[in-house]
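The structure appears below as structure tokens.
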Amino acid sequence: MSASDGGGLGDLSLMDLFRTEVEGQINTMTESLLALEQDPKTADRLEALMRAAHSIKGAARMVGVEPVIRVSHVMEDCFVAAQKQQLSLGSGAIDVLFQAIDLIGRLGKVKEGAAEEDGQVPENQVSSMVESLSAILKGEPVQEIPAPVAADSAAEKRAVEQAAKKAQAKRKRSQPELVAEDVEPDHIGASANSHESTAKSRVIRVSSDRMDKILGLAGEAMVESRWVRPYFDSMTRLKQQAHHAALGLDNLRERLEGYKTDTRTLSLLNDVHRSIAACRQLLSDRLSELANFNYRTSDLTERLHNEVISSRMRPFSDGVEGLQRMVRDLARSLGKEARLEISGLHTLVDRDVLEKIKTPLNHLLRNAVDHGIELPEEREGSGKSRQGIIHVEAYHRAGMLSICVQDDGRGIDIEQLRGKVVWQRRKWRRGSARPNCWSSCFCQDSALATLLPRSPAGAWVWM
């Protein structure tokens with residue numbers, strides 16, 4: 001099976017497996033850091049962070065990505081020190097850790113076969129990150145790290161790819177020594193725990209093309225199974241005709257009994273009657289078996305089709321990854337404090353729909369942080385907590401997916417909204433194109449969302 005056929009993990013290269021590992025561990029670290037910021041005394045979150053950093057370090061050693069090794073190693077030391085209560089991870093330290101996660105994510109997005117042009121790893125970025133993490137480890141003030149530029153990112157990818165290729169070439173020359181040198185016993189144990197967890201959850205990766213083919217075949221099987229029913233109906237009509245033939249034969253025999261009929265003729269009539277009775281019995285038995293077969297086939301193909309359709313469904317949690325981090329970072333950049341709470345994470349959504357709702361939902365949340373949540377001082381003056389809460393809920397209602405976005409901010413200024421609608425209407429009357437007021441105010445793509453106001457407190461339903 002080739003990779004183009006949508007094969008399994010056996011068709012992936014080491015770099016593909018490395019990217020998959022980094023992606024999963026980054027999601028774990030992001031979730032744990034957000035929870036740790038709300039409750040710094042959560043020991044299990046620190047344990048998860050330490051294991052994730054250790055797993056990334058071990059995976060990076062397998063492919064020879066040295067910058068990731070350096071950054072993840074210091075991150076692991078920070079989490080171990082926090083576990084031992086030797087340091088406390090405040091918001092400033094968590095900011096730096098998030099930046100380190102972003103740097104690891106950029107380093108992990110390396111494509112095999114990239115052009116081997118001259119270019120070095122932007123040592124200033126990696127060194128600055130390592131120094132900032134080391135400062136956290138020592139309890140020193142945290143310094144802000146400048147954002148990376150695109151040119152450095154491209155050079156970084158090329159250099160990391162070159163390092164990975166060199167590591168793979170070295171592995172081919174001396175694979176036993178490489179494994180003995182680079183893989184730590186602790187990482188082996190962590191990998192075993194990871195594989196055990198994966199086995200328990202029984203999760204496999206299947207390409208979308210393969211799933212579409214399976215869905216098509218399941219649909220064809222269900223359609224083909226429907227042909228059994230017309231065949232069963234025709235066999236039933238044949239049984240009825242045999243019954244009518246038997247009745248006609250009985251009437252004929254009764255009429256012949258009033259005439260002088262030789263024994264040979266009566267014997268032939270009786271033989272035909274017995275043959276028709278045997279045919280009727282055989283048809284009755286086979287029709288009963290065919291009815292059971294039709295029921296089992298229809299039920300089986302329908303269940304198969306439903307299961308395949310269900311496999312296209314993904315939990316709502318897959319579509320909201322990163323939104324809590326986005327809300328947190330955006331609020332801090334605006335001098336606010338905000339937290340995103342999500343309900344209905346296990347609500348199943350079609351994968352195509354899940355992709356389409358990401359952009360409008362992101363836009364709604366940014367508006368909630370930017371325009372809904374007040375500054376901490378203003379919230380305290382209103383008797384609220386300094387941290388604003390944005391709540392997203394996903395649920396099914398009447399066969400449709402409903403998403404409710406609500407915040408505890410100042411709410412919508414109805415008068416300002418009314419004024420904007422009136423202004424747009426006057427502008428339209430003066431000859432301009434007719435606007436979509438709801439779309440222009442709240443959503444960039446009115447084809448994807450219909451927003452219905454529920455209350456002045458900042459709650460909106462999106463279906």
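Can you confirm whether ILE373 is outside the structural domain of ASP95 (by TED's automatic domain parsing) and touching an Asp or Glu at 6+ places or on another chain (Cβ under 9 Å)? Against the criterion (outside the structural domain of ASP95 (by TED's automatic domain parsing) and touching an Asp or Glu at 6+ places or on another chain (Cβ under 9 Å)), ILE373 qualifies. For the structure I just gave you, tell me whether SER310 is under 27 Å from the mean Cα position of the chain (by Cα) and either outside the structural domain of MET235 (by TED's automatic domain parsing) or not aromatic (Phe, Trp, Tyr) (or both). Yes; evaluated as a whole, the condition is true for this residue. The set of residues in segment 39-50 being among the aliphatic types (A, V, I, L, M) and surrounded by fewer than 18 Cβ atoms within 10 Å (Cβ to Cβ) consists of ALA43 alone.
Just give me the residues in segment 326-335 being of a type in the set (Lys, Arg) and crowded, with 18+ Cβ neighbours inside 10 Å, in sequence order.
ARG328
Residue-wise test of (1) buried (at least 22 other Cβ atoms within 10 Å of the Cβ); (2) in a helix (DSSP H, G or I); (3) of a type in the set (Gly, Ala, Ser).
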position	(1), (2), (3)
LEU34	no, yes, no
GLU37	no, yes, no
ALA52	yes, yes, yes
SER55	yes, yes, yes
ALA59	yes, yes, yes
ALA81	no, yes, yes
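The values are calculated or read from the model by the stated rules, or taken from the named source; none is laboratory data. Just so it is clear, the structure is predicted and the values come from calculations on it, not from any experiment. Reconstructed Cβ throughout: ideal geometry from the backbone, glycine too, with neighbour counts over all protein chains shown.
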